[in-house]
Amino acid sequence: MKIAPSILSADFGNLNSEIEMLNRSEADFIHIDVMDGVFVPNISFGFPVINAVSKVAAKPLDVHLMIVNPDNYIGRVRDCGAEIMNVHQEACTHLHRTVQAIRTAGMRPAVTLNPSTPIVLLEDIIEEVDMILLMSVNPGFGGQSFIGHTVDKLRRLRQMVDKTSNRPMIEIDGGVNEQTAPLLSEAGADILVAGNYIFKSKDKLEAIKKLKEL
Ligand code: DX5
Ligand code: ZN
């Protein structure tokens with residue numbers, strides 16, 4: 001299992017040491033949640049913070065944009081050193097164009113679905129992306145409870161992905177912890193995002209290791 005700790009739950013007063021801890025950990029990516037207060041009912045942080053993280057991070061950045069018009073920021077996300085640029089299907093009218101532009105900019109495109117968005121909407125874009133992210137909470141906040149229906153949705157997505165030629169990775173985001181992670185592993189997830197579970201643990205390195213060993 002690959003693990004992507006979400007820094008949304010990190011201590012922002014000690015961001016450098018939190019990132020250094022992730023560098024020493026078994027995490028595979030650093031997940032960065034950008035919220036604009038329009039697409040989701042919360043505002044997180046923007047480019048100055050992503051740049052600060054990027055300077056210290058020794059793991060690839062997985063940037064999850066919960067914003068309207070993500071197309072307007074492709075160049076700036078790339079300039080921050082992102083490896084994966086994750087856009088919401090619900091935020092992109094011309095998703096195919098957006099995905100192509102992300103790849104042309106030199107990043108790996110990923111598409112995210114909200115809990116109520118059916119996976120059938122991926123049918124005509126799945127061959128173009130490197131990752132699909134299923135939200136297992138309604139986006140906007142860390143520390144919410146896992147939506148159980150995600151496990152069935154993930155099983156169906158796993159079947160869909162296994163029929164493709166490019167086999168994009170499947171990432172799950174929201175409410176991941178010791179109880180939900182085994183269900184997601186069994187249903188076919190490749191990457192788990194975890195915020196609260198990791199950053200509120202007494203031993204963060206151990207929490208990452210636990211999820212990783214599933
Ligand atoms: C939610 C964000 C998540 C969030 C996950 O809108 O996209 O990445 O940080 O947090 P936890 O793991 O606490 O549910
Ligand atoms: Zn996220």
Can you say what percent of the DSSP beta bridges in the chain, counting only those with both residues inside, are antiparallel? Round to 5. 5
Which ³J(HN,Hα) values in Hz, rounded to whole numbers, follow from the phi angles of region 144-158 under the Karplus curve 6.51 cos²θ - 1.76 cosθ + 1.60, where θ = phi - 60° and Gly and Pro get x? 8, 7, 4, 8, x, 4, 4, 5, 5, 4, 4, 4, 5, 5, 4
Options ILE30, PHE45, SER165, ranked by Cα towards positive dipole end of the chain, top entry (Cβ charges): ILE30
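Compare ARG155, ARG97, ARG167 by solvent-accessible area with a 1.4 Å probe and give them largest first, with all protein chains kept in place. Could the numbers behind the result be given before it?
On the way: ARG155 105, ARG97 155, ARG167 125 Å².
These residues rank, largest area first, as ARG97, ARG167, ARG155.
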For region 35-50, just list the computed ³J(HN,Hα) in residue order, Karplus coefficients 6.51, -1.76 and 1.60, θ = phi - 60°, integers in Hz, with x standing in for Gly and Pro. 10, 10, x, 10, 5, 10, x, 6, 10, 10, 7, x, 4, x, 6, 4
Ordering HIS64, HIS94 by accessible area with a probe of 1.4 Å, largest first, what comes out? HIS94, HIS64
Per-residue ³J(HN,Hα) for region 111-117, Karplus 6.51 cos²θ - 1.76 cosθ + 1.60, θ = phi - 60°, Hz, x for Gly and Pro: 10, 10, 10, 5, x, 8, 8
Using only the alpha carbons, work out the radius of gyration and Dmax of the chain in angstrom. 15.8, 45
In whole Å, what three semi-axes, largest first, describe the equivalent ellipsoid of region 104-214 built from its Cα gyration tensor (square root of 5 times each eigenvalue)? 24, 15, 14
Pairs to check: LYS163/LYS210; LYS55/LYS200; LYS153/LYS209; LYS59/LYS200. Give those whose C-alpha atoms are more than 28 Å from each other in this structure. LYS163/LYS210
Hey, how many Å between the Cα centroid of region 101-151 and the Cα centroid of region 189-214? 20
What is the diffusion coefficient of region 34-136 in µm²/s, taking the Kirkwood radius over Cα pairs and the Stokes-Einstein relation at 10 °C with a viscosity of 1.306 mPa s? 115
Please identify the trypsin sites (Lys or Arg not before Pro) of region 163-214 that satisfy two criteria: DSSP loop assignment and at most 11 other Cβ atoms within 10 Å. Which are they? LYS163, LYS202
Using a simple charge model, +1 on the beta-carbon of Lys and Arg, -1 on the beta-carbon of Asp and Glu, nothing else, what dipole does the chain show about its Cα centre, in debye to the nearest 20? 180
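The values are calculated or read from the model by the stated rules, or taken from the named source; none is laboratory data. No experiment lies behind these values; they were computed from the predicted model shown. When we count neighbours, we look across all protein chains shown, and the Cβ atoms used for this are built from the backbone with ideal geometry, even at glycine. Just so you know, the surface numbers come from the protein's heavy atoms only, side chains and all, with ligands and any DNA or RNA stripped out. Shrake-Rupley method; radii C 1.70, N 1.55, O 1.52, S 1.80 Å.
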